[in-house]
1. I'd like to know if the range 59-69 contains one or more residues that are hydrophobic (A, V, I, L, M, F, W, C), closer than 23 Å to residue 309 by Cβ and touching a Ser or Thr at 6+ places or on another chain (Cβ under 9 Å).
2. Determine whether the range 18-28 contains at least one residue that is at pLDDT 95 or above, aliphatic (A, V, I, L, M) and more than 30 Å from residue 310 (Cα to Cα).
3. How many of the residues in the range 158-181 are touching a Lys or Arg at 6+ places or on another chain (Cβ under 8 Å) and surrounded by fewer than 16 Cβ atoms within 10 Å (Cβ to Cβ)?
4. Please specify each residue of the range 51-71 satisfying the condition of being small (Gly, Ala, Ser) and in contact with a helix residue (DSSP H, G or I) (Cβ under 6 Å, 6 or more places away or on another chain).
5. Among the listed residues 215, 232, 184, 246, identify the single one that is crowded, with 24+ Cβ neighbours inside 10 Å, of a type outside the set (A, V, I, L, M, F, W, C), assigned by TED's automatic domain parsing to the domain that holds residue 315 and on the phi > 0 side of the Ramachandran plot.
6. Residue 315 fails exactly one of the following numbered conditions: (1) within 25 Å of residue 197 (Cβ to Cβ); (2) surrounded by fewer than 21 Cβ atoms within 10 Å (Cβ to Cβ). What is the number of that condition?
7. All but one of (1) within 16 Å of residue 276 (Cα to Cα); (2) among the aromatic types (Phe, Trp, Tyr); (3) surrounded by fewer than 21 Cβ atoms within 10 Å (Cβ to Cβ) hold for residue 44; which doesn't?
8. Do we have residue 57 as more than 20 Å from residue 155 (Cα to Cα) and without any contact (Cβ under 8 Å) to a residue 12 or more places away in the chain here?
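The values are calculated or read from the model by the stated rules, or taken from the named source; none is laboratory data. Note that this is a predicted model, so its numbers are computed, not measured. FYI the Cβ positions are ideal-geometry reconstructions off the backbone, even for glycines, and counts take in every protein chain you see.
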Amino acid sequence: MKNKAVKKVELHCHLEGAAPPALTQSQAERYGIDLSSHLREGRYVWHDFGSFLECFDKVSEVYKSTEDYALLAETYLAELASVGTIYSELIVSPDHGDRIGLGADAYIEGVCEGLRRAKAKFGIEARLIVTGERHFGPESVIGAALYAARSGNPLIAGFNLAGDERMLKVSDYARAFDIAREAGLGLTIHAGEVCGPFSVIDALDVVRPHRIGHGVRSIEDAELVKRLADTGVVLEVCPGSNIALGIYLDFASHPLPALLNAGVKVTINSDDPPFFHTSLATEYERAELTFGLDKATVDALTRTAIDAAFVDESTKEKLRAQLDRG
């Protein structure tokens with residue numbers, strides 16, 4: 001399976017988590033920020049979930065301006081396009097824009113400019129998923145939902161809830177999803193990653209999402225697996241992330257093949273790729289070489305991702321045509 005020959009789609013990737021180490025190093029030098037404890041020999045350095053978050057936050061410090069975020073988004077999308085990716089959804093946080101002092105509007109505008117440049121230069125289609133972060137509490141998440149709902153920005157296509165699954169209950173964030181749903185945004189939520197099947201069940205019952213971010217621990221509950229298969233809720237699976245964070249010890253124990261065999265709709269994603277020493281290209285290669293999927297099956301996963309994308313039907317038809325052309 002030649003990498004570029006295989007058309008790819010990614011639905012689950014955090015923008016700051018996709019920051020290429022070389023670009024981050026250049027930005028650090030530009031701003032005089034010492035990253036030596038978190039970036040060495042072109043690799044991000046962390047050893048557990050807490051230090052990963054610390055490293056993530058430190059790396060994010062070197063992206064400060066609207067132009068920085070345009071450059072970051074364009075650079076990552078250029079990387080994706082170079083390996084045959086035709087569509088990408090990037091997870092972004094307006095709260096992050098506020099926290100770094102840039103402001104949500106300037107932050108989002110920078111990212112959108114990066115999307116526009118990437119489409120003009122490389123032909124890759126992309127959208128944004130606005131996320132609320134559980135650890136900042138329900139009011140903050142409601143604020144993110146209101147921002148997405150009121151933006152009128154055609155590149156903002158969906159709403160997500162990320163952060164530590166162990167924080168509060170899904171029902172504490174229900175209002176945010178109601179706001180996003182009423183605005184016509186696609187709904188996805190991180191669940192079934194750190195926490196077990198109950199987190200996915202809560203998400204399905206309370207949020208009624210179109211997709212679940214990760215969701216791999218659903219495999220521990222046979223009734224839940226059947227429910228996912230019957231309802232067609234799509235899982236945004238990120239195998240390399242799951243191994244890097246210790247959700248599973250190795251790829252042999254990863255449930256992607258079992259979920260597929262049970263009829264669950266699955267897509268392939270990279271999450272925070274350079275932090276987990278992976279890439280979307282690597283994840284697609286892994287689907288074949290590690291999980292033993294043939295090209296027809298991998299293409300079917302990509303078609304699932306197109307069907308589940310938070311874009312209009314006309315755009316989906318164009319993406320399907322690109323996939324069919326190979």
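1. No; the residues of the range 59-69 include none that is hydrophobic (A, V, I, L, M, F, W, C), closer than 23 Å to residue 309 by Cβ and touching a Ser or Thr at 6+ places or on another chain (Cβ under 9 Å).
2. Within the range 18-28, the subset at pLDDT 95 or above is 18-28.
In the following step, the residues that additionally are aliphatic (A, V, I, L, M) were identified as 18-19, 22-23, 28.
In the following step, the residues that additionally are more than 30 Å from residue 310 (Cα to Cα) were identified as 22, 28.
The answer is yes, given that some residue of the range 18-28 is at pLDDT 95 or above, aliphatic (A, V, I, L, M) and more than 30 Å from residue 310 (Cα to Cα).
3. 3
4. Of the residues in the range 51-71, the ones small (Gly, Ala, Ser) are 51, 60, 65, 70.
Scanning the range 51-71 gives 60, 70.
5. Values: 232 fails: crowded, with 24+ Cβ neighbours inside 10 Å; 184 fails: crowded, with 24+ Cβ neighbours inside 10 Å; 246 fails: crowded, with 24+ Cβ neighbours inside 10 Å.
Among 215, 232, 184, 246, only 215 is crowded, with 24+ Cβ neighbours inside 10 Å, of a type outside the set (A, V, I, L, M, F, W, C), assigned by TED's automatic domain parsing to the domain that holds residue 315 and on the phi > 0 side of the Ramachandran plot.
6. The number of the failed condition is (1).
7. (3)
8. Numbers: more than 20 Å from residue 155 (Cα to Cα): yes; without any contact (Cβ under 8 Å) to a residue 12 or more places away in the chain: yes.
So residue 57 passes the test.
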